[in-house]
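Here, each number is a calculation from the coordinates, and none is a lab measurement. Bear in mind the structure is a predicted one, so any value in this text is a computation, not a measurement. Cβ placement follows ideal geometry from the backbone for every residue including glycine, while neighbour counts extend to all protein chains displayed.
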Amino acid sequence: MSAPNAWSRSRERMRLFPELFSRCAEQAAAYGRCVAAGAPELRREACGREFAALKSCFVAAVMSCSGTRW
């Protein structure tokens, strides 16, 4: 009985993803530029600062979304 509810919540989260991600467009672009600049020999943690900024922005966007169970 709980399985349909789990799928519904998952679908709702996926529907919100583009809106939440658009709130972090600047951070996503900075991270993308860093990754592209380091390609073909990207090292681990090479873009750690940019990734941390993107993650922080996305977490804040998710937390600001009221009424959704994450």
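Ordering 35-46, 5-16, 50-61 by mean Cβ neighbour count within 10 Å, with the highest value first, yields 50-61, 5-16, 35-46. Scanning the chain for DSSP H helices at least 15 Å long along the axis (C-alpha atoms) with a Kyte-Doolittle mean no lower than 0.0 picks out 25-38, 48-64.
In debye, nearest 20: dipole of the chain around its Cα centre with unit charges on the Cβ of K, R (+) and D, E (-)? If you can, show how the numbers build up before the last one.
Working: 11 positive and 6 negative charges, 46 e Å.
Magnitude of the dipole: close to 220 debye.
Estimated purely from DSSP H runs of n ≥ 4, each contributing -39500 (n - 2.57), the mean residue ellipticity at 222 nm for the chain is -25000 deg cm²/dmol once divided by its residues.
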